[in-house]
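Derivation of every value follows stated rules applied to the coordinates shown; laboratory data play no part. The model shown is predicted, which means the values in this text are computed figures rather than measured ones. Cβ placement follows ideal geometry from the backbone for every residue including glycine, while neighbour counts extend to all protein chains displayed.
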Amino acid sequence: MQHTLSVLVENKPGVLTRVASLFARRGFNIDSLAVGVTEDPSLSRITIVVGGDDVRLEQVAKQLHKLINVIKIQDLDPREMVDRELVLFKVNAPADRRHEIIEIANVFRAKIVDVGKNTVTIEATGAGDKLAAMEDLLRAYGIKELARTGKIALSRALREGAATA
Amino acid sequence: MRITGAQALVRSLEAEGVEVLFGYPGGVALPIFDALYESTTVRTVLPRHEQGAVHMADGYARVTGKPGVVLVTSGPGATNTVTGIANAYMDSIPMVVFTAQVATTVIGTDAFQESDITGITIPITKHNYLVKDVAELPEVIKEAFHIATTGRPGPVLIDVPVDVSRAELTFKYPETVNLSGYKPTVKGHAKQIKQAAGMIAKARKPLLYAGGGVLASGAWKELKELCELMQLPVVATLMGKGAFPEDHHLSLGMPGMHGPKYVNYAITETDLLIAVGVRFDDRVTGKLSSFASKSRIIHIDIDPAEIGKNKAVDVPVVGDAKGVLAELVVELRKMNAEPRTDAWMRVIDDWRSRYPLHYHPHDEVVMPQYVVERVRELTKDRPTVIVTEVGQNQMWACQYARIKEPRTWASSGGLGTMGFGLPAAIGAQFGRPGHLVIDIAGDGSIQMNSQEMATAAIEKQPVKVVLLNNGFLGMVRQWQELFYERRYSSSVLPPCPDFVKLAEAYGWLGLRVTDPKEVDAALNAAFDHDGPALIDFRVAPEECVFPMVAPGGSIDEMLGGIPGGPVSEMLDDELLEEVWE
C-alpha cells in the first residue's frame, strides 16, 4: 500500500541524505519526494510517497524518528489529507489542433505557460489521479517532455464535512 | 579570552571529564594534537592503528560506562575508524570520535587526505557533525556527548576542518543542550508496567531474557532485585553477560546459537518471556517462528524501534530499564506477589543436570574449553575483566567464563569484529587499572590488530592474552566441517608468526603451552607478571564449539553436545504436571 509520510526536519545540510538513505538501506523505492522550507525557516518538510509492506514501513518510520534532525513524522491518511503535485507537459501542438489542447487544459483548470511554433507547455496542479487522467488525454497529441514535482501534502483541518478543494 | 578551535575542543573534553583519549595524529589534526600537549587532565594514548584507537575507546566505555573518546586525522585516518565505529554502533557503546578534516575552503575538491567521513558514517553513527563554523564547536561537542551517552547509547562523530581548529572564538562551554528532535523516552508507561507486573505475578514458567541494555542502563541492581523477588530464571545474551551474576542459581547462561541446551529448552518452554534491553538478534532467536513460541512476551527497551522489530510482543514498555525494573518491583510488592517458579526451576535444573555444557577432556592435548575453565578458576578471587576476540575463542569464553560483576566483560556482539579483543583489552585496562584484564584470543583474530601489543607495552598496560591457537580460523573451519564437507578453503593458518617471539619482540612475557598439565602454571605466571603477557596455548586444532544451532534452525534443535532435543521430547511429564498444579 502507498503511504504519504510528512516528515518535519531541521533545515540543515545533509538531513535529506540521512532520511533518504534510511529508505534505501531497507530496500524501499521512494516513489515521490518533495522538500521545502516551512513557515518556520529553521524547519523543512519532506513529503515522501513510498509503497511497501506496512510492518517494514513502520520500522522505517521508527528509525526515522531516531534521526536527531527529525522532529516529527506523520503517516498521512489518504482520506484526511490534501495533496498536490505540479506537472509541466510540453505537448505537440500544430496550429490546427492547438485549440483542442487548450480545451483540455481548461477542463483541468491548467494553464498554458509557453507557446511555441509546434508545441505548447501546460502547467497543471492537482492530485495524482487528476494529473494522470490529463496525461492520458494529452498523450494522443504526443508529449514531447514532461516534468513533475514530488507530491506535497498536509493533513486536513479537523472539522465536520470539510469540502474537497 | 580568544582561543583557537583546537584549544576549545580540548577545553570541552576537559569539561566533559574525559580522562583518556585514543588518538593518532596526521596533517590536519596537528592543531588539535598541539592543544592536547598542554592538557594536564586528558591523557592521550597513541595506538598503532586508528582501528585500534576506536576499539580501545570501545573497551574503555564497556568497562566504565563512560564514553570512549577518539581523535584521528582526515582521509585514511578517518576511514580506518569505520569498522570500530560500526562495532560500537551495533553494540550501542557510547563514544565520541573526532576526525580532522581538510579546510572548509577545499572540502569537495578531492584534496589530499580528504574523505567524506560524515557521509561514510551516516549509517553507523547515532549522529554525526561536520563543523563549519568555529563558534558552533563547543555546542556541537556538548550535543555529541549528550547524544552518545543518553537514550540508547552509540557513537557520535564530529568532523573538524583544519581551518576551524585554527580559527579563534570566545570559549564558553554550554551547560545544556537544545535538541528538539531528540527526546528519548526514559520513563516507562505506568499502565504497561502494571500490566507486565500482573503477568509476571501469574506466570508459572517465566524467563528473564537480559541483554546489553541492562548494562547500558546501569540496571543490574534492579534486575537482581526483581529476579530474586519473583525467583525468575535469567538468560543473559553475549552483550548482557555480567548484567546478572553468572554464579547465581537463577542464572542459566547464554541463549542462542552456542548457548547450553537447557537455556534454549527454557526459552522454548517458557510461558512468559521478559525481555530487557535486548533486540532479538538472529544469533539468539534462530528460527523466529519457533523462538519462545509458547510464550507471551514483555519487551522493555529504551529504543521504540526495537519493539516488535523481529518478534511481535504482547506488552511493550518503552523506557530506561533501570527505572522500569524498579517500578516493576514496586508494583509486584504492592500486589504482594509471591514467587511461583519452584517447579519450573526444578524442570530447568533437571535439564541443567542432564544437558550441561560438555567437552572431552584430554591428558595430552590442551583443550580450549579447559583453558577457559582454568582462567575462570584461577581468577575466582581477583577482580578480573574478560575480553574476547571473535570466533570460537569468543564462544568458548561465553560458555565457560563466569562474569559475576557488571561491566567486567567486553566482546564484539553485533558486528562480530575480528581484531577487537586486544585493543579493547588495552582500553579496558585504562578504564579498570586495578583489574586483571584478560583477552581470550584466537590466532586468527589477534593478528588483525596485533600491532597494538606495542601500545600495551609502551603505555604499560599489563593485559594478558590467552591465545587459543588452533592453527585455523576456527569458526570458519567449524562451519566448513559441518556444512561444506570439510573443504577448508582459506581457513588454515600455518604456525606463523611464532607468537612467543612476537610477544618478546614487543617486550611482553611470552609463554607456550602444549601440555595440559602446564596450563595452570603458565596462567599463574602470566597473571602474576608485572606487565603484558601472552600465552600461546597450542590447543586441539579441530575442536568445535558445541552445542550449536544450525543457521536458520530452531534453537531447541542443536547439533553436538549431549544428545537430546527437540524440547518436546525433553520434558519430564511428572515435573511438568507440578508446574501446572
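Looking only at the range B:81-120, count every residue that is within 11 Å of another protein chain (Cβ to nearest Cβ) and crowded, with 18+ Cβ neighbours inside 10 Å and tell me the total.
Number satisfying all stated conditions: 1.
Results for (1) among the polar types (S, T, N, Q); (2) surrounded by fewer than 24 Cβ atoms within 10 Å (Cβ to Cβ); (3) under 16 Å from B:V500 (Cα atoms), shown as yes or no for each residue.
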{"site": "B:G421", "(1), (2), (3)": "no, no, no"}
{"site": "B:F430", "(1), (2), (3)": "no, yes, no"}
{"site": "B:I438", "(1), (2), (3)": "no, no, no"}
{"site": "B:S445", "(1), (2), (3)": "yes, no, no"}
{"site": "B:A457", "(1), (2), (3)": "no, yes, yes"}
{"site": "B:V463", "(1), (2), (3)": "no, no, yes"}
{"site": "B:N469", "(1), (2), (3)": "yes, no, yes"}
{"site": "B:V476", "(1), (2), (3)": "no, yes, no"}
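Among the residues in the range B:265-274, are any under 29 Å from B:L415 (Cβ atoms) and within 14 Å of chain A (Cβ to nearest Cβ)?
Checked against the condition, which is being under 29 Å from B:L415 (Cβ atoms) and within 14 Å of chain A (Cβ to nearest Cβ), the range B:265-274 yields no hits at all.
If the requirement is being under 30 Å from B:R152 (Cα atoms), among the aromatic types (F, W, Y) and buried (at least 20 other Cβ atoms within 10 Å of the Cβ), which of these qualifies: B:W344, B:W396, B:W351?
B:W396
Of all residues being surrounded by fewer than 16 Cβ atoms within 10 Å (Cβ to Cβ), touching a residue at least 12 places away in the same chain (Cβ under 8 Å) and within 13 Å of another protein chain (Cβ to nearest Cβ) in the range A:21-42, which is nearest to B:I122 (Cα to Cα)? Just the residue, please.
My answer is A:R26.
Do we find that A:A61 is of a type in the set (A, V, I, L, M) and away from chain B (no Cβ under 14 Å) in this structure?
No; evaluated as a whole, the condition is false for this residue.
Can you find a residue that is in contact with a Lys or Arg (Cβ under 8 Å, 6 or more places away or on another chain), surrounded by fewer than 24 Cβ atoms within 10 Å (Cβ to Cβ) and among the β-branched types (V, I, T) anywhere in the range B:69-80?
The answer is no; no qualifying residue exists.
Kindly indicate whether any position in the range B:269-280 is part of a helix (DSSP H, G or I) and touching a strand residue (DSSP E or B) at 6+ places or on another chain (Cβ under 8 Å).
no
I'm trying to understand the selection: among the residues of the range B:178-222, which are within 14 Å of chain A (Cβ to nearest Cβ) and either within 17 Å of B:R152 (Cβ to Cβ) or under 25 Å from the mean Cα position of the chain (by Cα) (or both)?
Selection gives B:L179, B:G181, B:Y182, B:K183, B:P184, B:T185.
Give me the pairs: first residue in the range B:301-317 and more than 8 Å from every other protein chain (Cβ to nearest Cβ) and under 19 Å from B:G286 (Cβ atoms), second residue buried (at least 18 other Cβ atoms within 10 Å of the Cβ) and among the polar types (S, T, N, Q), beta-carbon distance under 8 Å, and six or more apart or on different chains, which are they?
Hits for this filter: B:N310/B:T285; B:K311/B:T285.
Filter the range B:281-325 down to the residues that are buried (at least 19 other Cβ atoms within 10 Å of the Cβ) and among the small types (G, A, S), then identify the one that is farthest from the chain's Cα centre (by Cα).
It comes out as B:S295.
Filter the range B:505-530 down to the residues that are assigned to a helix (DSSP H, G or I) and over 19 Å from B:V437 (Cα atoms) and list them by number.
Across the range B:505-530, the qualifying residues are B:A505, B:P516, B:K517, B:E518.
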